[in-house]
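A.B. asks: Structure provided below as structure tokens; questions to follow.
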Amino acid sequence: MVGDGVNDAPALAQADVGISVGSGTAAAMETAPVLLMRSSLYSLLTFLDMSRIVFRRVKLNFIWASMYNVVCIPIAAGILYPAVDRGLPPVIAGLLMIASSLTVMVSSLSLKLYREPKH
């Protein structure tokens, strides 16, 4: 629900996603969980585009971290020990887990490079 007036406030409160336009009334702005700072509805397109990109990034990070852990945890537990007669040193295992976290963090920080779509 997108609204900007007093009559929109109850609907904004009940909606799954309530979006208030910045030029609207104070009641609408306080009721809606999302506030578009500009009065242009192009801000709504930017909001929807960015929400898709963020959700896609969350899924990518989840898949990356899951696959990384599926591969690296057995190696850290010693699955390769019978084949090479050596275990993975704890320091290396710890560094690999830090690398996983850093990769997810850098991937998330890349969202700062987001640019508004051309309207």
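The values are calculated or read from the model by the stated rules, or taken from the named source; none is laboratory data. Quick caveat, the model's predicted, so the values are computed rather than measured. Note that each Cβ is placed from the backbone with ideal geometry, even for glycine, and that neighbours are counted across all protein chains shown. For accessibility, only protein heavy atoms count, side chains too; no ligands or nucleic acids. Shrake-Rupley method; radii C 1.70, N 1.55, O 1.52, S 1.80 Å.
A.B. asks: Scan the stretch 1-100 for trypsin sites (Lys or Arg not before Pro) in coil per DSSP, keeping those whose Cβ has at most 16 other Cβ atoms within 10 Å, and list them by number.
C.D. replies: Loop-located and lightly packed - ARG38, ARG86.
A.B. asks: Heavy atoms only, probe 1.4 Å: what % of the accessible area of the chain goes to carbon and sulfur, would you let me know?
C.D. replies: 69
A.B. asks: Also, quick follow-up: Ranked from the most accessible area to the least, with a 1.4 Å probe and all protein chains present, what is the order of LEU36, LEU41?
C.D. replies: From most accessible down to least: LEU41, LEU36.
A.B. asks: Which one is right for this structure if Rg/Rh (Cα atoms, Kirkwood Rh) is calculated from it: [x] 1.28; [y] 1.45; [z] 0.95?
C.D. replies: Checking each listed value against the structure points to [x].
A.B. asks: With a 1.4 Å probe and all protein chains in place, put LEU96, LEU113, LEU12, LEU80 in order of accessible area, largest first.
C.D. replies: Order by accessible area, largest first: LEU113, LEU80, LEU96, LEU12.
A.B. asks: Calculated from DSSP H runs of 4 or more alone, at -39500 (n - 2.57) each and per residue, what is the 222 nm mean residue ellipticity of the chain, nearest 500?
C.D. replies: It comes out at -19500 deg cm²/dmol, rounded to the nearest 500.
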